[in-house]
Amino acid sequence: MLGGYRIEGRRAVEIAASVERAVGAGDLEPGQLLPPMRELAVELGVNPNTVAAAYRTLRERGVIETAGRRGSRVRSAPATTGRDHIRVDVPVGVRDVSSGNPDPALLPPLAQAFTAAAVQSDREPVLYGDVAVEPELARIARAALDADGVPDGPLAVVSGSLDAVERVLTAHLKPGDAVAVEDPGWGRTLDLVPALGLRTVPVGVDDEGPLPGDVRGALEAGARALIITDRAQNPTGAAVSAARARALRAVLRAHPEILLIEDDHGHGIVDVPLHPLAGVTRHWAFVRSVAKAYGPDLRLAVLTGDTLTVDRVRGRQRLGPGWVSRILQRAVVRLWADGTVDARAVAAAYGERREALIGALAKRGVAAHGRSGMNVWVPVPDETGVVARLLHAGWAVAPGARFRMSAQPGIRITVSTLATDETGPLADAVAAALGPAPARSYG
């Protein structure tokens, strides 16, 4: 059942650590069935309750899943390893369009902003007990949120979008609760939810965002939270339209107790308007990151939400890191105030590259999606074969398995650095890798 690996330990914590260590090392593979609890207890010479406690710990940590009489098995994407292992190693000479990174040429220079922030911090040092949010950052961020129709609420500053999602989920949910997530969706979110001991419930996505029927079904089935990407959805490029927002608000009004989390990480690189859902439910959070527009190493996002949610996040943050560096916050303020990023120009550049590839693929009979952001999603019948053929042709793309649960297969192509003269050859390679096939859809 376990090949050559032998689970060890006498205590629950030791047994759980033995399994988790094996999963991380690859000795136990995703989907591999674990021994029945009583059988393992006999083998280890321990009480069955000890093995049951170990398996419970592993489930709560997102390493294994249990399906009644079908037993316990390693999750298809265990939290121990995450989905980053589902990637393509890019050989020398192969063009990498798999990374999901922004175009470095469209990112602003940081030296002047950080120098100014350091000078200010020399003059006004931040000490223990000072406020956690830079006042000017709060002012600018709140004005931008107001302009986009995001409801008023207190602000917190966290270390990126995923940090915000984790803090909000743990502020309200307990292990075993279900969370509705987009499928296809951001691989890190799909890993994070089970790592927190929560259950993922997939919700289909089209170009206009999450499907209302799927959202309704997930909430009626007991999901206690819903995570939505407003724009530049990763990997599909979906953006919530005005009509879709109205439909989703109608669904949420019937479930006011649901925790709603909206991720607007695409702010600053998109050319479609925001249609927020925030405020429909009793507890909500809206997060806006600076990583895509200003650089992934700027680990900063602004979080707003209902008073209780933000208060819980702030309280837990005070007991851990305390606050996000005010020097970093001051540097971001300087970047915002100086207007060093022309959001319209950046959005237009990504839009032109995205539309050029989608159009080139369409001329070759290949359906593709990408309404906003820097990625294009191409449905395919066989991810492994298509990825391998493209790699052989000199192109590295991201396998869709990194981003989906029950959705149909696909590949993600990052267009952020795609040059005009590369669009045609890439489209030719994708069409050849797919071979003759009818138009495809996703969801």
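The values are calculated or read from the model by the stated rules, or taken from the named source; none is laboratory data. Worth saying up front: this structure is predicted, and the values here are computed from it rather than measured. Ideal geometry is used to build each Cβ from the backbone, glycine not excepted, and the neighbour counts take in all protein chains shown.
Return the residues of the stretch 389-431 that are surrounded by 24 or more Cβ atoms within 10 Å (Cβ to Cβ), small (Gly, Ala, Ser) and assigned to a helix (DSSP H, G or I); say none if nothing qualifies.
Across the stretch 389-431, the qualifying residue is only Gly400.
Here is a list: Val46, Val74, Val42. Which entry is crowded, with 16+ Cβ neighbours inside 10 Å, at pLDDT 85 or above and more than 14 Å from Pro194 (Cα to Cα)?
So the residue among Val46, Val74, Val42 that is crowded, with 16+ Cβ neighbours inside 10 Å, at pLDDT 85 or above and more than 14 Å from Pro194 (Cα to Cα) is Val46.
Name the residue, out of Gly268, Gly213, Gly279, Gly197, that is farther than 23 Å from Leu173 by Cα and at pLDDT below 95.
Among Gly268, Gly213, Gly279, Gly197, only Gly268 is farther than 23 Å from Leu173 by Cα and at pLDDT below 95.
Tell me yes or no: at least one residue of the stretch 24-31 is more than 15 Å from Arg73 (Cα to Cα) and under 30 Å from the mean Cα position of the chain (by Cα).
Yes; the residues of the stretch 24-31 include at least one that is more than 15 Å from Arg73 (Cα to Cα) and under 30 Å from the mean Cα position of the chain (by Cα).
If you check Val386 against the conditions, is it aliphatic (A, V, I, L, M) and without any contact (Cβ under 8 Å) to a residue 60 or more places away in the chain?
Against the criterion (aliphatic (A, V, I, L, M) and without any contact (Cβ under 8 Å) to a residue 60 or more places away in the chain), Val386 qualifies.
Of the residues Arg10, Arg6, which is exposed (fewer than 15 other Cβ atoms within 10 Å of the Cβ), touching a helix residue (DSSP H, G or I) at 6+ places or on another chain (Cβ under 8 Å) and assigned to a loop (DSSP other than H, G, I, E, B)?
Arg10
Out of the strands (runs of 3 or more DSSP E) lying entirely within the stretch 142-217, which hold 3 or more residues that are of a type in the set (Val, Ile, Thr) and over 30 Å from Ala368 (Cα atoms)?
Ranges flagged: none.
With respect to Ile261, determine if the residue is of a type outside the set (S, T, N, Q), buried (at least 20 other Cβ atoms within 10 Å of the Cβ) and closer than 25 Å to Ala111 by Cβ.
So Ile261 does not fit the description; no.
Quickly run through the stretch 353-408 and pick out the residues that are of a type in the set (S, T, N, Q) and at pLDDT 95 or above.
Within the stretch 353-408, Ser372, Asn375 qualify.
Using the structure shown, decide if Leu252 is in contact with an Asp or Glu (Cβ under 7 Å, 6 or more places away or on another chain), assigned to a helix (DSSP H, G or I) and closer than 23 Å to Glu166 by Cβ.
No; evaluated as a whole, the condition is false for this residue.
Looking only at the stretch 213-248, count every residue that is closer than 12 Å to Val201 by Cα and among the β-branched types (Val, Ile, Thr) and tell me the total.
2
State all residues of the stretch 224-250 that are surrounded by fewer than 24 Cβ atoms within 10 Å (Cβ to Cβ) and in contact (Cβ under 8 Å) with a residue 24 or more places away in the chain; if no residue qualifies, say none.
Of everything in the stretch 224-250, those that are surrounded by fewer than 24 Cβ atoms within 10 Å (Cβ to Cβ) and in contact (Cβ under 8 Å) with a residue 24 or more places away in the chain turn out to be Arg224, Ser241, Ala242, Ala243, Arg244, Ala245, Ala247, Arg249, Ala250.
Assuming Val310 fulfils every condition listed in (1) touching a Gly at 6+ places or on another chain (Cβ under 8 Å); (2) at pLDDT below 95; (3) in a helix (DSSP H, G or I) apart from one, which condition is it?
(2)
Out of the residues in the stretch 277-335 that are farther than 20 Å from Ile228 by Cβ, touching a residue at least 60 places away in the same chain (Cβ under 8 Å) and among the hydroxyl-bearing types (Ser, Thr, Tyr), which is surrounded by the most Cβ atoms within 10 Å (Cβ to Cβ)?
Once the filter is applied, the top-ranked residue is Tyr294.
Determine if the stretch 341-348 includes at least one residue that is under 24 Å from Asp152 (Cα atoms), among the hydrophobic types (A, V, I, L, M, F, W, C), crowded, with 16+ Cβ neighbours inside 10 Å and touching a residue at least 24 places away in the same chain (Cβ under 8 Å).
Checking the stretch 341-348: not a single residue is under 24 Å from Asp152 (Cα atoms), among the hydrophobic types (A, V, I, L, M, F, W, C), crowded, with 16+ Cβ neighbours inside 10 Å and touching a residue at least 24 places away in the same chain (Cβ under 8 Å).
Is it fair to say Arg59 is more than 19 Å from Gly187 (Cβ to Cβ), surrounded by 13 or more Cβ atoms within 10 Å (Cβ to Cβ), in contact with a strand residue (DSSP E or B) (Cβ under 8 Å, 6 or more places away or on another chain) and at pLDDT 90 or above?
no
One residue is enough: does the stretch 112-130 have a residue meeting the conditions touching a Leu at 6+ places or on another chain (Cβ under 7 Å) and in contact (Cβ under 8 Å) with a residue 40 or more places away in the chain?
Yes.
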